[in-house]
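Asks: Below is a structure I'd like to ask you about.
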Amino acid sequence: MSTRPQRATAPVRVPAGASDEGDGIVVGAGPVTVDVYIDFLCPFCKTFEQTSGPTLNGMVRERAISLVCHPMGFLDRLSTTRYSSRASAASGCAADGGRFVEYTRALFAGQPPEEGPGLTDDELIELGGPAGLTGPAFGECVRDGAYLGWTAYVTRKAIERGVSATPTVLVEGTPVPATPEAIVAAVTAAAR
């Protein structure tokens, strides 16, 4: 009997805007691919969003990059309610509503502390309002846990790729420091 870990298999349902492999949400259509692995409970990811988010969003607007966000359930053990997975699944629901970027910002702005329950499903739904997710479909998607299987897949794929911490940034598959300066330099070099 094999003791090797089971390889990630694609879930039945993936959010709108998912990458070809289904393990991230693609934002933008530039020639250089930037993969960002995040966890919505990770305080370092919140800092990364605050410091590097504007730079990444600017490069998306300028059509310099295709940003692939991989929201992981990496820190479920630091929550009593598997908050990382539930928040990631909710971000998939936001992608279906065309508001992934806006909802990601809202999740980091409302980030709960580690070692607690995290936000309730109702609170996750409430965060959707300011992000433009006001229809019933978003709330139903969050309450149903529609993308919990997708989150598990995103997390397994990341671990298979050697991602061991969040945030992790890859530019054209090469790890770079999670700073605006390092990302810009790597994107500039890759575009040559």
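The values are calculated or read from the model by the stated rules, or taken from the named source; none is laboratory data. Small disclaimer: the values here were computed from a predicted structure and weren't measured. Cβ atoms come from the backbone with ideal geometry, glycine included; neighbour counts cover every protein chain shown. Side chains are part of the model used for accessible areas, which takes the heavy atoms of the whole protein and leaves out ligands, DNA and RNA. Shrake-Rupley method; radii C 1.70, N 1.55, O 1.52, S 1.80 Å.
Asks: Over the chain, what is the mean sequence separation of C-alpha contacts under 8 Å (at least six apart), divided by residue count, expressed as relative contact order in percent? Walk me through the numbers on the way to the answer.
Replies: Numbers: 339 pairs, mean separation 57.7, N = 192.
Relative contact order, the chain: 30 percent.
Asks: Something else about it: Which are the unpartnered cysteines of the chain, meaning those with no other cysteine Cβ under 4.7 Å from their Cβ?
Replies: Cys69
Asks: Can you compute the modelled spin-label distance between Glu140 and Thr55, with each label point 7 Å from Cα toward Cβ, in nm?
Replies: For the pair Glu140/Thr55, the computed spacing is 4.2 nm.
Asks: Computed FRET efficiency, Cβ-Cβ of Ser164 and Arg13, R0 25 Å: what is it to the nearest 0.05?
Replies: Working: r = 27 Å, r/R0 = 1.09.
According to the calculation, E is roughly 0.40.
Asks: Name the residues whose placed amide hydrogens come within less than 5 Å of the amide hydrogen of Ala16, ignoring near sequence neighbours (fewer than 5 apart) on the same chain.
Replies: Asp96
Asks: Let me ask something additional. Counting each DSSP H run of 4 or more residues in the chain as -39500 (n - 2.57), what helix-only mean residue ellipticity at 222 nm follows after dividing by all residues, to the nearest 500 deg cm²/dmol? Working shown, then result.
Replies: Numbers: 7 runs with 85 residues, N = 192.
Mean residue ellipticity at 222 nm (helix-derived): -14000 deg cm²/dmol.
Asks: How large is the accessible surface per residue of the chain, computed with a 1.4 Å probe and reported in Å² as a whole number? Write out the running numbers ahead of the final one.
Replies: Numbers: 9350 Å² over 192 residues.
Roughly 49 Å² per residue, with all protein chains present.
Asks: Which peptide among 58-69, 129-140 comes first, and what is the full order, when sorted by highest mean count of other Cβ atoms within 10 Å?
Replies: Details: 58-69: 17.9, 129-140: 15.2.
Descending packing order for the listed peptides: 58-69, 129-140.
Asks: Non-local amide H neighbours of Ala178 (under 5 Å, H modeled in plane, Pro and chain starts lacking H): which ones?
Replies: Result for Ala178 returns nothing.
Asks: Could you sort 85-92, 120-127 so that the peptide with the highest average Cβ count within 10 Å comes first and the rest follow in order?
Replies: Numbers: 85-92: 28.6, 120-127: 17.1.
Those peptides, ordered most packed to least, come out 85-92, 120-127.
Asks: Let me ask something additional. Which percent, nearest 5, of DSSP beta bridges in the chain are antiparallel?
Replies: Details: 11 of 19 bridges.
Given both bridge residues lie in the chain, the antiparallel proportion sits at roughly 60 percent.
Asks: Further question: Give me a comma-separated list of calculated 3J(HN,Hα) values for segment 101-107, in order, Karplus coefficients 6.51, -1.76, 1.60 applied at θ = phi - 60°, integers in Hz, x for any Gly or Pro.
Replies: Listing the rounded values in order: 4, 5, 6, 4, 4, 5, 4 Hz.
Asks: Counting only protein heavy atoms and a 1.4 Å probe, tell me what percentage of the chain's accessible area is made up of carbon and sulfur.
Replies: On the way: 5090 of 9350 Å².
About 54 percent, which is the carbon plus sulfur part of the accessible surface.
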